[in-house]
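One structure is given below, encoded as structure tokens.
The values are calculated or read from the model by the stated rules, or taken from the named source; none is laboratory data. Note that the coordinates shown come from a computational prediction; the quantities given were computed from them, not determined experimentally. Glycine also receives a Cβ, built like all others from the backbone with ideal geometry; neighbour counts cover every protein chain displayed. Areas reflect the complete protein model, heavy atoms only, side chains present, ligands, DNA and RNA absent. Shrake-Rupley method; radii C 1.70, N 1.55, O 1.52, S 1.80 Å.
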Amino acid sequence: MNQQIFAEIITIGDEILYGQITDTNSQWISAELDKLGIKIRQKSSVSDQADEILRIFSEASKRAHLVIITGGLGPTNDDVTKKTLCAYFNTELVWNEAVLSHLESLFFIRGRTLSEINKQQALVPANCEVLMNRNGTAPGMWFDVSNVVYISLPGVPFEMKHILKDFGFDKIKQHFKTPVIAHRMIKTIGIGESTLSELIAGWEAALPAHMSLAYLPSAGEVRLRVTGTGENQEQLNTEIQHEIDKVLPLISAHVYGFDDDTLEYAVGQLLKKNHKTISTAESCTGGYLAHLLTSVPGSSAYYYGSIIAYQNKIKTEQLDVPSGILSTYGAVSEQTVERMAREVRLKLGTSIGVAASGIAGPDGGTEEKPVGTIWIAYADEHKVVTKKLQLSALRENNIRMTALAILNLVRNQLNNS
């Protein structure tokens, strides 16, 4: 089997460390290198200080075969990456005629004069191979020194991505002989990580040596990532699917999709398959459930609309929730959401109506109904199903988990109908 290649990603810039911008470059590069069978050993962010950059370059060279650097390639004094690379490789900056010609053409097309400061972008370390930047002024640079490849790229995501797509990835594939790597994601909901691991412990223990399993929990769901390595992509994909087929009977009730599937997409597919339509009555979720449902292309085939009954007045006037129910049981009650789900279905003329009412937080809770107390309901022409959720003190988390719980309630009812 080909040697496993390890990479390190270094982002340069005080603005990243200060939290003024988000480092999306590392995430994107990681995902793309993974497709090439290259594993990320470490990601680092470093300030615009030459000594700190030199230190992290030296450390990275001991851990990785490939070091990708983004940022610090602008023409101003605070951008020190090129000079630091020269110091690191004991070389000097030289003029690159191809880059200079590109700069002249770029500025001419834009109707601007190439200034002396912008002209400095054509200065590159003498030992680098230039990776042209067709979308900007700072070129990418490829260094092959002491069995380690360094690629320095501009920090602007659009420019960085195009340099790698146009030149970088092909050179990486030619330079390194990497193993094939494949991932499949099994998406589950309505079951905790520990319970899930107990259910599939035997299957996990019997996975072939070239496969591994990772548990990736998030709000309301757990993703199972099956990873395999090999030398033949098609064979590896077949082997992974074979293992997935083995585990599905154990957890099928909790599996809503695979890979890039979302729960809202899976529910939409079920609604279309069963020729059902849906409407929503939302209080504590404030329209977030409607947002998820309508984020799926083609959702107009099954989603009709929503009544956002945030105030009790709207619950009574628009959803005909009797004031007696609200005064006796409260807005956060089984009786209220049951009526909301029934009425939104009838008023909007859908097969299914769903509802939510609760205390999202961070305040508004009582001893009887603390923050995170949520009631949800599902109604169709035959029945109403309600469920009480006891969530957290975190408002955003409560809103999202409530919406997912309703989608899962719909999924379960459609699967069992």
Checklist line | Qualifying residue in segment 301-311 (condition: under 20 Å from Asn397 (Cα atoms) and open to solvent by 20 Å² or more (accessible area, probe 1.4 Å)) | finding: yes
Item checked: Single residue of Ile68, Ile40 found to be open to solvent by less than 60 Å² (accessible area, probe 1.4 Å), outside any helix (DSSP H, G or I) and either farther than 25 Å from Asn90 by Cβ or of a type in the set (D, E, K, R) (or both) -> Ile40
Note to self: So in segment 196-235, with the set limited to residues that are closer than 23 Å to Asp261 by Cα and exposed (fewer than 12 other Cβ atoms within 10 Å of the Cβ), which one is modelled with the lowest pLDDT?
What the structure shows: Ser218
Item checked: Hey, Thr238 within 25 Å of the chain's Cα centre (by Cα), over 30 Å from Gln335 (Cα atoms) and surrounded by fewer than 18 Cβ atoms within 10 Å (Cβ to Cβ) or not -> no
Notebook entry, point to check: Are any residues in segment 375-386 closer than 30 Å to Asp363 by Cα and either exposed (fewer than 15 other Cβ atoms within 10 Å of the Cβ) or not hydrophobic (A, V, I, L, M, F, W, C) (or both), and if so, which ones?
Noted result: Tyr378, Thr386
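Considering only segment 387-400, state which residues are open to solvent by 50 Å² or more (accessible area, probe 1.4 Å) and in a helix (DSSP H, G or I). Explain how you work it out, then say what you get.
Just the residues of segment 387-400 that are open to solvent by 50 Å² or more (accessible area, probe 1.4 Å), to begin with: 387-388, 390, 393-396, 400.
Of everything in segment 387-400, those that are open to solvent by 50 Å² or more (accessible area, probe 1.4 Å) and in a helix (DSSP H, G or I) turn out to be Arg395, Glu396, Arg400.
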Notebook entry, point to check: Which members of segment 1-19 meet the condition of being open to solvent by 40 Å² or more (accessible area, probe 1.4 Å), touching a strand residue (DSSP E or B) at 6+ places or on another chain (Cβ under 8 Å) and within 25 Å of Asn147 (Cα to Cα)?
Noted result: Met1, Gln4, Phe6
Item checked: segment 150-175, residues that are of a type in the set (Phe, Trp, Tyr) and over 18 Å from Lys82 (Cα atoms) -> Phe158, Phe167, Phe169
Checklist line | Breaking point among (1) of a type in the set (Val, Ile, Thr); (2) open to solvent by 30 Å² or more (accessible area, probe 1.4 Å); (3) more than 27 Å from Gln390 (Cβ to Cβ); (4) out of contact with any strand residue (DSSP E or B) (no Cβ under 6 Å at 6 or more places or on another chain), for Val247 | finding: (2)
Margin query: Regarding segment 267-277, can at least one residue be identified that is at pLDDT 95 or above, among the hydrophobic types (A, V, I, L, M, F, W, C), assigned to a helix (DSSP H, G or I) and surrounded by fewer than 21 Cβ atoms within 10 Å (Cβ to Cβ)?
Written below: yes
Next item on the list: Considering only segment 318-359, state which residues are open to solvent by 30 Å² or more (accessible area, probe 1.4 Å) and of a type in the set (Gly, Ala, Ser).
Entry: Ser323, Gly324, Ser327, Gly349, Ser351
Item checked: Cross-chain or 6+ apart pairs with Cβ under 9 Å, segment 173-189 first and without any contact (Cβ under 8 Å) to a residue 60 or more places away in the chain, then not in a strand (DSSP E or B) -> Ala182/Gln233; Ala182/Leu236; Ala182/Asn237; Ala182/Glu239; Ala182/Ile240
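Quick grid of which residues meet (1) within 30 Å of Ser218 (Cα to Cα); (2) more than 26 Å from the chain's Cα centre (by Cα); (3) of a type outside the set (Ser, Thr, Tyr):
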residue	(1), (2), (3)
Ile109	no, yes, yes
Ala126	no, yes, yes
Asn133	no, yes, yes
Asp144	no, yes, yes
Ser152	no, no, no
Asp170	no, no, yes
Lys173	no, no, yes
Next item on the list: Spot the failing condition for Thr22; the list is (1) touching a residue at least 12 places away in the same chain (Cβ under 8 Å); (2) of a type in the set (Val, Ile, Thr); (3) open to solvent by 40 Å² or more (accessible area, probe 1.4 Å), and only one is missed.
Entry: (1)
Next item on the list: Determine which member of the set Ile9, Ile21, Ile29 is out of contact with any Pro (no Cβ under 8 Å at 6 or more places or on another chain) and part of a helix (DSSP H, G or I).
Entry: Ile29
